[in-house]
Amino acid sequence: MIYLIVNNSYHIIDEEIKKLVDNNKYEVIDYLKSSLEDIVMEANYTDLFLSKKIMVIKNAVFLSTKSDTKVLDKYLENPNLNTDIIFTCEEVDERLKIVKTIKDKFHYNIIKPLYQKEIVSRLLDIAKKNGYVLSIESATYISKSSLDNYDIAYNNLEKIFLYYSKPCKIEDNDVINLVSMSLEENNFKFIDAVINKNINESFRILNDLKIKKIEPLSLFNLLAREYRLMLIVTEEYRNKSKRELLNVLNIKDWQLDKLLKNASCYTLEELEKKIILLADYDYDIKVGKIDKWLALEMFILTI
């Protein structure tokens, strides 16, 4: 059977996968480190005992951008009945043929982002299942402090569990002290929202950063750095090995994976235009032609 799970939360996708696999073993393949040809070949492989196999394909970005999916299209016409494939991604383009095929013939599950009320409810449930007593006020504070991002809120709750080390009542004052708003983390959440072309999320986080009195030019610098790295990765990935790129850019493996994933949504021309536009705004700010916050807001409108 073929499944597609769409959501921007790692934890929510993981929860949905666990529901489908039901404690059975499964193989995880990162599309960014593989190809559709390799995935289809693995899906078609069957051992002598006709054993059941489950494959989870993460970062299936070909479902959100126009790509050559002929080999997968053909496989979906007659999939291997002994292989279950679970595709996961943050977003899809429902105009794509491959997405329409999965939606019409197989299992298609788009999970909407959680609202604060839903996140609070989940945090309370998680605390209860782990033997902790968490107040609604504390759960709400965790969600707000995490910019209502479920993954960040989940991680913050786990940090609180580690602090107490054993099930007990969680004190509200401890939550406030432990879940401090990390300005650096919020900065990078803003960069991610812009890079992923999420205008609403970008403005939402930007408003919070204004309250925290973050320097707009630092955000411009972070954006310019990210676009430059994406441009370098796009230009060099075909000519250099992953190890060479890691050494050249002096970044970690997970950072390169993220750059490759983000860069797949842009053309070289688009990346070059973003870098030039950021440079133009930087110049206009420094010569007094435009307000820093206004320039940042205008840039967001171009994504």
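Taken together, the values in this text are just the output of simple stated rules run on the coordinates, not laboratory data. Keep in mind that what you see is a predicted model, and the values were worked out from it rather than measured. Positions of Cβ are generated from backbone atoms using ideal geometry, with glycine treated the same way; all protein chains shown enter the neighbour counts.
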Amide H within-cut-off set for Val133, under 5 Å, with H built and near neighbours excluded = Cys168, Lys169, Ile170
What are the principal axis extents of the Cα atoms in the stretch 128-185, in Å, biggest first?
-> 30, 20, 19
Calculate the length of the line joining the C-alpha centroid of the stretch 49-112 to that of the stretch 235-279, in whole Å.
-> 26
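Ile275: net charge of surrounding residues, Cβ under 13 Å, Lys/Arg +1, Asp/Glu -1, itself excluded? Intermediate results must be reported in sequence, preceding the final value.
Values: positive: Arg225, Arg228, Lys273, Lys274; negative: Glu226, Glu235, Glu269, Glu270, Glu272, Asp280, Asp282.
Residues close to Ile275 contribute a combined charge of -3.
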For the modelled label position 7 Å from the Cα of Leu50 along Cα-to-Cβ, which residues of the stretch 71-96 have backbone nitrogen atoms closer than 19 Å?
-> 78-85
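Excluding Lys74 itself, what net charge comes from residues whose Cβ is under 14 Å from its Cβ, given Lys and Arg +1 and Asp and Glu -1?
Within the 14 Å Cβ shell, the charges total -1.
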Cα to Cα, under 13 Å, and not fewer than 8 places away if on the same chain: which aspartates and glutamates meet these conditions relative to Lys18?
-> Glu27
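Return the loop-located chymotrypsin sites (Phe, Trp or Tyr not before Pro) in the stretch 102-202 (DSSP other than H, G, I, E, B) with at most 16 other Cβ atoms within 10 Å of their own Cβ; answer none if there are none. Show your work: numbers first, answer last.
On the way: sites: Phe106, Tyr108, Tyr115, Tyr132, Tyr141, Tyr150, Tyr154, Phe161, Tyr163, Tyr164, Phe188, Phe190; in loops: Phe106, Tyr115, Tyr132.
The qualifying sites are Phe106, Tyr115.
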